[in-house]
Amino acid sequence: MKSEVEMLAAENAVVGEGPLWDPDAQKLYWTDIRTGRFFEFDPPTNKNRLIHRGVFVGGASVNKQGGFTFGTWEGVMLWRSDQDWKWLHHDPERGGTMQFNDVTAGPDGSFYAGSFYEDRPGKLFRFFPDGAVEVLAEGVGVSNGMGFSPDLRTFYHTDTRARTIYAYDYDPSTHRQSNRRTFVTLPNTEGAPDGMTVDSEGFIWSATWGGSSVIRFDPDGKEERRIQFPATQTSSVMFGGSDLTDLYVTSANSGAGKSPGDREHRGGELYRVKQEIQGKPEFKTDIPWPE
């Protein structure tokens with residue numbers, strides 16, 4: 001089916017990323033990683049509002065114990081406002097050991113965050129509600145989109161530099177991952193997989209950096225559909241709206257060139273595409289605020 005692409009907010013984001021739907025607030029949140037801006041989009045009014053400026057936010061999850069859990073370029077932060085926040089794991093030297101690029105929450109309230117560096121491989125971390133920290137993967141080129149299958153038997157993690165989405169077995173009783181394998185690898189002509197989400201049918205939606213598109217893959221890794229965008233750097237994707245059938249897509253102007261087909265390039269905007277397919281609610285972190 002042909003999908004109409006709506007441009008919702010023209011923020012000229014250097015690297016727009018991390019769309020996050022909050023079903024309680026009925027609002028979408030997203031970040032510009034490279035300028036330290038975090039936005040709130042209100043669908044009924046179509047208003048996009050800047051609610052944070054400062055520390056660079058790679059991604060966020062709603063926290064059951066109030067506010068958000070931020071994966072930032074200086075560590076993990078609990079945030080309610082720019083006047084009300086606490087460090088959970090702080091790297092005092094910016095870009096030193098915890099420069100996070102994309103995040104998600106797990107069924108048990110854990111916070112998954114992948115690090116990214118220009119000069120060395122990153123890691124995929126898991127921060128448990130009790131304060132424990134686990135490294136799930138090392139040698140990651142550019143850690144990106146993550147998600148869980150509806151039956152909680154599979155966990156997905158993207159390495160954009162490797163052009164690959166990996167699948168892990170996930171045990172919902174122990175909340176442990178194992179058996180990492182390749183789910184899908186995109187060729188150089190397709191762009192590279194970036195942010196992703198999983199819908200209610202267990203299909204994976206992946207934004208392609210440099211590919212001007214979002215691709216829907218079935219659970220076996222076969223392409224089911226592709227939606228084209230006027231922005232070259234489509235960066236991440238998330239379902240939202242009252243019935244979770246609005247597909248929100250972020251984009252970036254960083255590294256953007258001319259879009260395929262010689263269309264007029266736009267980059268750094270927030271887009272929406274209405275679908276007949278329903279997403280599923282994202283999990284929330286369950287992390288206590290430090291005293």
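None of the figures in this text is laboratory data; all of them are computed from the coordinates on show. The structure displayed is predicted, hence computed values, not measured ones. Don't worry about glycine lacking a Cβ; one is built from the backbone with ideal geometry, like all the others, and counts go over all protein chains shown.
Show the residues, 5+ positions off or on another chain, whose built amide H is closer than 5 Å to the amide H of Glu11.
Placed amide hydrogens put Leu270 under 5 Å from Glu11.
Assuming a ≥ b ≥ c are the square roots of the Cα gyration tensor eigenvalues, decide whether segment 59-194 counts as rounded (a/c under 1.5), prolate (otherwise, with a/b larger than b/c) or oblate.
Values: a/c = 1.92, a/b = 1.26, b/c = 1.53.
Oblate is the answer for segment 59-194, as a/c is 1.5 or above yet b/c matches or exceeds a/b.
Tell me, what ³J(HN,Hα) does each residue in segment 215-227 have, in order and in whole Hz, if you take phi through Karplus 6.51 cos²θ - 1.76 cosθ + 1.60 with θ = phi - 60° and put x for Gly and Pro?
Per-residue couplings from phi come out as 10, 9, 10, 6, x, 9, x, 8, 5, 9, 6, 9, 10 Hz.
Report, in whole Å, the centroid distance computed from the Cα atoms of segment 45-120 and segment 161-186.
If you average the Cα positions of each part, the centres end up 23 Å apart.
Along the charge dipole of segment 146-259, Cβ charges K/R +1 and D/E -1, which of Thr232, Ala207, Thr154 sits furthest on the positive end?
The residue sitting most towards the positive pole is Thr232.
Whole-Hz Karplus ³J(HN,Hα) for segment 66-71, in order, using 6.51 cos²θ - 1.76 cosθ + 1.60 and θ = phi - 60°, x for Gly and Pro?
My calculation for segment 66-71 gives x, x, 10, 9, 9, x Hz in order.
Quote the charge dipole size of the chain about the Cα centre in Debye, to the nearest 20; the model charges only the Cβ of Lys and Arg (+1) and of Asp and Glu (-1).
Details: 31 positive and 42 negative charges, 86 e Å.
Its charge dipole is roughly 420 debye.
Between (i) 1.24; (ii) 1.04; (iii) 0.91, which entry matches Cα Rg over 2.2 N^0.38 Å as derived from the coordinates of this structure?
Evaluating Cα Rg over 2.2 N^0.38 Å on these atoms matches (iii).
Which of the trypsin sites (Lys or Arg not before Pro) found in segment 106-205 are loop residues per DSSP with 15 or fewer other Cβ atoms within 10 Å of their Cβ?
Here the trypsin sites (Lys or Arg not before Pro) that fit, given the DSSP loop and packing criteria, are Arg153, Arg161.
Which pairs in the list Lys86/Lys280; Lys123/Lys274; Lys123/Lys284; Lys27/Lys86 are over 32 Å apart, alpha-carbon to alpha-carbon?
Beyond 32 Å: Lys123/Lys274.
For segment 42-119, state which trypsin sites (Lys or Arg not before Pro) are in a DSSP loop and have at most 16 other beta carbons lying within 10 Å of their beta carbon.
Here the sparse-neighbourhood loop sites are Lys64, Arg94.
Please list, in order along segment 43-49, the HN-Hα scalar couplings obtained from phi with the Karplus expression 6.51 cos²θ - 1.76 cosθ + 1.60 (θ = phi - 60°), rounded to whole Hz, x for Gly and Pro.
The phi angles translate into x, x, 9, 6, 9, 10, 10 Hz.
Given H placed 1.01 Å from N in the peptide plane, which residues other than close sequence neighbours of Ile287 have an amide H under 5 Å from its amide H?
Distant-sequence amide H within range of Ile287: Lys64, Gln65.
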